[in-house]
Amino acid sequence: MNIAIYPGTFDPITYGHLDVIERAREIFDTVIVTVALNSSKKPMFSAHERIAMIKESVQKYKNVRVEQFDGLLVDFARKKKATTVIRGLRAVTDFEYEFQMALMNRKLNSSVTTVFLMPHEKYTYLNSSIVREIALHGGDLTEFVPPNVRKRLQQKRKKSAERF
Ligand code: COA
C-alpha cells in the first residue's frame with residue numbers, strides 16, 4: 001500500500017490545497033492530510049477547527065484521511081508507514097524553503113521521499129494568510145475556499161467585530 005502524507009498548517013484549507021490533494025489521491029492509495037500542531041505560526045483556527053474544515057472538504061474522497069501531528073514529520077511518517085511526503089509548489093519563491101525542508105527530512109529519515117505537486121496556476125498567488133485577511137475585511141472568497149470554510153471565516157469575522 002502506497003501511503004503519502006500531506007502536511008501543513010491549513011489555517012484554513014483553500015482550493016489550492018484541495019487541488020494538491022486531488023492530484024495526490026490519483027497517484028497514491030492513501031493520502032493522509034496531516035495538520036501540524038507545533039507550527040511556529042499562531043493560527044487563527046484551533047487544530048480542532050482546521051481538522052473539521054478539512055474533513056468537511058474531503059469527505060467525498062474515500063482514500064483521503066485527516067490527522068494531526070506533533071513532533072517531527074518524519075517520525076509521523078514512519079508511524080503511519082508512509083514513504084512519501086507531498087508538498088505543493090506554487091511558484092519559484094516556494095522552492096528554496098521547500099528544497100531545504102525536503103533535504104532535511106531525507107537526512108532525518110532516508111526512506112521518506114518528498115514529492116512536489118503543482119496546483120493549477122490559478123492558485124499560484126493563493127495562501128492562507130491572504131484568505132484570512134480578505135475574510136477579516138469582508139471580501140469575496142468564493143473562488144478561494146469552499147463554502148464550509150467561508151462560513152467559518154464569516155463567523156470569525158463576526159466574533160472579532162463583536163469584540164470592538
Ligand atoms: N494552495 C494554497 N496555499 C498553499 C498551498 C496551496 N497548494 N501550498 C502551501 N500554501 C500556503 C499555505 O496556506 C501557507 O500559507 P500561510 O503561510 O499564509 O499560512 C504557506 O503556503 C505554507 O504553509 P504550509 O504548506 O502549511 O506549510 P507550513 O510552512 O505552515 O508547514 C510544516 C510546514 C508544518 C509541514 C513543517 O514545518 C513541518 O514539517 N513541521 C514539523 C516539524 C518538523 O518535522 N520539522 C522539520 C522539517 S525539515
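The values are calculated or read from the model by the stated rules, or taken from the named source; none is laboratory data. Not measured: the values here are computed from a predicted model. We place every Cβ from the backbone using ideal geometry, glycine too, and count neighbours over all the protein chains shown. Protein only, heavy atoms only, side chains kept; ligands, DNA and RNA dropped before computing areas. Shrake-Rupley method; radii C 1.70, N 1.55, O 1.52, S 1.80 Å.
For segment 1-136, what proportion of DSSP beta bridges, expressed in % and rounded to the nearest 5, is antiparallel?
Of those bridges, close to 0 percent are antiparallel.
Expressed as a fraction of 2.2 N^0.38 Å, the rule-of-thumb size for a compact globular protein of N residues, what is the C-alpha radius of gyration of segment 2-53? Kindly include the intermediate steps, with their values, before the conclusion.
Working: Rg = 11.5 Å, N = 52, 2.2 N^0.38 = 9.9 Å.
Relative to the rule-of-thumb radius for its length, segment 2-53 sits at 1.16.
Over the Cα atoms, compute the radius of gyration (one decimal) and Dmax (the largest Cα-Cα distance, rounded to a whole number) for the chain, in Å.
So, for the chain, Rg and Dmax equal 15.8, 52 Å respectively.
Per 0.36 nm of contour for each residue apart, how much would the distance between L89 and S111 grow if the chain were fully extended, relative to their Cα-Cα spacing?
5.8 nm
For segment 55-150, report the translational diffusion coefficient in µm²/s to the nearest whole number, using Stokes-Einstein at 4 °C, 1.567 mPa s, and a Kirkwood Rh over Cα pairs.
Values: Rh = 15.8 Å.
Taking Rh from Cα pairs, D becomes 82 µm²/s.
Looking at segment 95-164, I'd like the Rg to Rh ratio, where Rg is from alpha-carbon atoms and Rh is Kirkwood's inverse mean 1/r.
Value, to two decimals: 1.17.
Need one number: nm distance between label points at Q68 and H48, each 7 Å from Cα along Cα→Cβ, rounded to one decimal.
In this crude label model, Q68 to H48 measures out at 0.9 nm.
With a 1.4 Å probe and all protein chains left in place, how much accessible area per residue does the chain have, in Å²?
Averaged over the residues of the chain, the accessible area is 60 Å².
Counting only protein heavy atoms and using a 1.4 Å probe, what share of the accessible area of the chain belongs to carbon plus sulfur, as a whole percent?
C and S fraction of accessible area: 53 percent.
May I ask for the distance between the Cα centers of segment 130-150 and segment 72-103, given as a whole number of Å?
26 Å
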